[in-house]
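Have a look at the structure below before the remarks.
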């Protein structure tokens, strides 16, 4: 029997691609959006808002699986907003008796040193798991693809600056993943029974520093990006600098910069055995993201 899949955040960066892939694979896709009249993506649009619990009942009706792919990073009170939204989603999923929730969170060792952004992603994960519905969690670092905030910052810095004076966080290690691979994993965990209740870490084949990502993106765009690291450049100054050079809003920049001081790399590659396939390298992911523009 064909499953009906509810995709929250269906008009967003990740959600739009997940909805499209699910529809291609023959699933009945219910695209959850606050503005169904403006939705032109894959699946049947259904109006709902996680900040309005009452609106979720109709969205969940008849759904077998639900993807949770939303966050409030652009808000100063995003931690509280995300926690409240996750509770509403968890309760609605339980009431509808869906088979599973699939959630995309953030990488990072849970040793108490997580940034507010990563701590919030982990708290959402905990809230979703607190309900009776099994949850499959995928944790990722930077997703390389058109429309992703972290990637757009990288692209704009690499394409606009002749040189950089940067803070220490540019030397933090991360494990970027191509958008296509992130979507492949998110869709790939839907059917396997063994994925229920499991947490997986997903990443590309390379561990890089942020400065490596910037300089390689610059070369692919036909330029060079010399770098001078200034240790005293604080996170607040860094976020203001990003706002000056890129079009990202200040609240989002500040929350992202705080996270960039935390190493986010894959420690467990179990996902590669559950969902096999050759992951896309960083340079190729950058070329695909640039071509998609």
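The values are calculated or read from the model by the stated rules, or taken from the named source; none is laboratory data. In this text the structure is predicted, and so the values were computed from the model without any measurement. So basically every Cβ, Gly included, is an ideal-geometry build from the backbone, and we count neighbours across all protein chains shown.
Filter segment 24-80 down to the residues that are part of a helix (DSSP H, G or I), touching a strand residue (DSSP E or B) at 6+ places or on another chain (Cβ under 7 Å) and under 19 Å from residue 2 (Cβ atoms) and list them by number.
59, 60
Please go through (1) in contact with a helix residue (DSSP H, G or I) (Cβ under 7 Å, 6 or more places away or on another chain); (2) at pLDDT below 95 for residue 136 and return the number of the only condition it doesn't satisfy.
(2)
Give the residue, chosen from 116, 83, that is touching a helix residue (DSSP H, G or I) at 6+ places or on another chain (Cβ under 8 Å) and at pLDDT 85 or above. Before you say what the answer is, go through the steps one by one.
Numbers: 116 fails: at pLDDT 85 or above.
Of 116, 83, the one residue that is touching a helix residue (DSSP H, G or I) at 6+ places or on another chain (Cβ under 8 Å) and at pLDDT 85 or above is 83.
With the condition kept exactly as written, say whether any residue in segment 87-99 is more than 18 Å from residue 3 (Cα to Cα) and either at pLDDT below 95 or assigned to a loop (DSSP other than H, G, I, E, B) (or both).
no
Scanning segment 149-197 for residues that are part of a loop (DSSP other than H, G, I, E, B) and buried (at least 19 other Cβ atoms within 10 Å of the Cβ), which turns out modelled with the lowest pLDDT? Talk me through it step by step, then tell me what you get.
From segment 149-197, those part of a loop (DSSP other than H, G, I, E, B) are 161-163, 167, 172, 175-176, 189-192, 196-197; that's our starting set.
Restricting the remaining residues to those that are buried (at least 19 other Cβ atoms within 10 Å of the Cβ) gives 167, 175-176, 189-190.
Working: 167: 66, 175: 96, 176: 96, 189: 98, 190: 97.
Out of the qualifying residues, it is 167.
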